[in-house]
Amino acid sequence: MAGNSQRRNRRTSNKKGATIGSGGQRRKGLEGKGPTPKAEARKGHKAFRVNNAMARNAAKRKPVVRRGGKGQSEMVVGRNPVFEALRDGVPASTLYVQQFIDNDERVREALNLATGRGNIHIMEAPRPELDRMTNGLNHQGLVLQVPPYEYAHPEDLVTAAFDDHDAPLIVALDGVTDPRNLGAVVRSVSAFGGHGVVVPERRAAGMTAGAWKTSAGTAARTPVARATNLTRCLEQYQKAGVTVVGLAADGDREVHELEELGGPVVIVVGSEGKGLSRLVGETCDFLVRIPMPGGAESLNAGVAAGVVLYEAARRRMAR
C-alpha cells in the first residue's frame, strides 16, 4: 500500500500546475510573421497567377525562330533618298551606280556610306539598265536595293518575353497602312522596353525602307511579326495569359485607369480614320480611351501607341 501511495504521489507531482508566463517555451508562437509578402508570392493575388502562367509558358517554351515569312525586295531611287536610306541604317544589299555619272557631293557621300558598311555590293550599270530596274523612275543615277524583311512569327514575341522572365509588352496594328506610322510604333516599342510589333499580312503597312527610316535604327533590335489573321493571333495571345487592350475613342475606361497595363499585355491600335475593325474590337478584353482635353478627335497610330506604352512602362517600373 505504501508503494502504491508513493507512485500516486509521484504521478500527481509530475502534473504541471498554473504558472506565470511560459518561460520562453512559446517564444516562437509570439513572434510576428514578418513583412507582408510581395503580391507575386500571395496565392490569392492576380500577380501570383500571372507569374505562374509565365512560368508554365517558360517551361514549355520553344526556341525563338523567325518564321513569319519575308516581305518583298524594294528599290530606293534618287540621290537624296539613297543617301538618307544609307545614313539612317536601312538594310541594303547592292548600290547600283550609273556609269559615267556626275560625281557630285551626294554621290560621293552615298558611296562613302555604302563602302563604310562593308556588306553592300557596289555595281556600275548603264543608264538603260537602271531605267529598266526602276520602271522608268527618275533615279538620278543611284539605285539602292533593299532586301526582303524577315518577319518574326507572333508566337516568337511572347516566347522571347517569357524566356527573359518578363511580362510581354506588344503592340498590334489593325488597319494601319502608312509605313511611317509603323516605323514610329517600332521606335516607341523599343523606347519603352516592349517586345515587338504585330502587323496583319494583308492591307497593312510592312517594313519598307520608309518604315526603317522612321524607326531611327530601332527596327534592327525590335522584331516585327506578321499575322495571317490578326483576330486569331489575339486569341492565341489570350490563351497564353496575355491581356488584349484595344484603343478606342469610346472606350469604357481611360488609359491611366487600367491596372492590367502593368502585366502581360498586347496593345491594339487601329487606323486614325476608322479605328479598330469590328472583329478585333470584339476580341479585346478591354477598350480604353486616351483623354484629350485639347479637343482633337484622334491621334495617329505612332503617337497613340507611345502614350499607352508610356503608361504601361510606368506601371511596370512601379511594381
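Ordering 201-213, 106-118 by mean Cβ neighbour count within 10 Å, with the highest value first, yields 201-213, 106-118. Close amide H partners of Val268, meaning residues 5 or more places away or on another chain with modelled amide H under 5 Å apart, are Ala172, Val245, Gly246, Leu247. Cross-link reach is defined here as a Cα-Cα straight distance under 14 Å, omitting same-chain residues fewer than 8 places apart; for Lys239 the aspartates and glutamates meeting it are Glu155, Asp285. Residues whose amide H lies under 5 Å from that of Tyr149, counting only those 5 or more places away or on a different chain, are Gly71, Gln72; hydrogens are built 1.01 Å from N in the peptide plane.
None of the figures in this text is laboratory data; all of them are computed from the coordinates on show. In this text, all values refer to a predicted model and were calculated from it rather than measured experimentally. Neighbour counts are summed over all protein chains in view; Cβ atoms, including those assigned to glycine, are modelled from backbone coordinates with ideal geometry.
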